[in-house]
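See below for the structure under consideration.
The values are calculated or read from the model by the stated rules, or taken from the named source; none is laboratory data. Every value quoted in this text rests on a predicted model; they were computed, and no experiment measured them. With ideal geometry, Cβ positions are generated from the backbone for all residues, glycine too; neighbour counts draw on all protein chains shown. Accessible surface areas use protein heavy atoms only, side chains included; no ligands, DNA or RNA. Shrake-Rupley method; radii C 1.70, N 1.55, O 1.52, S 1.80 Å.
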Amino acid sequence: MTPLDLVPGTLLVAVGPGASGKSTYAATAAVDVVLCLDSLRREIGGDAGDQSVTPAAVERQNALLERHLSVGATVFLDSTNVEFHVRAQLVDRARRHGRPVAALRFLPDLDTCLTRNALRPANRRVPDDTLRWQHDLTREATTDALLREGFTTVHDIVPTPTGATMRDDTLSPERIADAVAVLRKAQEGDETAREGLAEFFPEYEGLVMQTDHARYLELAAKAGLVATHLLLLQSGGEWLASVETFTSDLALPLASVNLGDYTSRTEAVRETVRAATDNGWTLAPEHEWADFDCGGGEIHIPINARPTAPTL
């Protein structure tokens, strides 16, 4: 994804339906702070999907936003913001602090959003009718309309493919080695290899969007990949958690699946380990974890390999 040329202190407001890639973008956005309603709902009520605490989460979001804007932080607001009156309040808040305010439109086709939404845990799933309503409102929020609302700039965000989405059909054993070789070359920047990925993975678009983690492991194994460790990385005051996938010889990382973002190291470890064990993964004992100081913190938790049936 091409980095945005932003004035420091800009407020970035996501505008998009559920399951449109906002949180995936937030995980790598070059900003000082990400404010995510899901995270705030979890902080207040213990469940990211508990809509009953949304008013309290919004109040907390606005208090934090006020604080960050007052010190000139570049902030990404990770929520739908599809309604005009919601955006108007945010534009007004940025203006009062003399900060630029950019709208980031996330608008994959509706079927893509519905498919991604269906893969979410039940407590995070948006009702289909609500998702369609959000999608319609985002379509109405055109660049011209958003500029008239007072946004300084408007950007359409289209995530760049970072891996491969596996299909249900399996590769023969002799083809797995070829597929992994092509994936590795593509990761190294070989354009011919990128074009050749379609031969093995016709729906190449990024394992990062696969949120059904048990299914993810199953499909990755069919292509000669293995999930090797959980990664917890401190960034912008939060801890980002993901599961990392490498080629089966462990030589090169191929894809990363976001598991969530957390406010503290303790919460990140607790919730990530729980998510992993809930999906049937066997983690290495704690004395085998690697803890690095990479400008904040980074924890690697190995996932012990599970035998797979030789049905490829």
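Residue-by-condition table, conditions (1) assigned to a helix (DSSP H, G or I); (2) in contact (Cβ under 8 Å) with a residue 60 or more places away in the chain; (3) surrounded by fewer than 19 Cβ atoms within 10 Å (Cβ to Cβ):
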| site | (1), (2), (3) |
| --- | --- |
| Leu77 | no, yes, no |
| Thr80 | no, yes, no |
| Arg95 | yes, no, yes |
| Ala102 | no, yes, no |
| Asn117 | yes, yes, no |
| Thr130 | yes, yes, yes |
| Thr138 | yes, yes, no |
Item to check | strands (runs of 3 or more DSSP E) enclosed by the range 235-311 - at least 3 residues per element that are at pLDDT 70 or above, open to solvent by 50 Å² or more (accessible area, probe 1.4 Å) and of a type in the set (A, V, I, L, M, F, W, C) | outcome: none
Item to check | Set Arg42, Arg67: member being crowded, with 22+ Cβ neighbours inside 10 Å and assigned to a helix (DSSP H, G or I) | outcome: Arg42
Checklist entry - Failed condition for Val126, given (1) in a loop (DSSP other than H, G, I, E, B); (2) open to solvent by 60 Å² or more (accessible area, probe 1.4 Å); (3) over 25 Å from Thr10 (Cα atoms), with all others met? => result (2)
Checklist entry - Of (1) open to solvent by 10 Å² or more (accessible area, probe 1.4 Å); (2) closer than 29 Å to Ala268 by Cα, Ala57 satisfies all except one. Which? => result (1)
Item to check | Test: Gly21 is modelled with pLDDT under 90 and under 18 Å from Ala275 (Cα atoms) | outcome: no
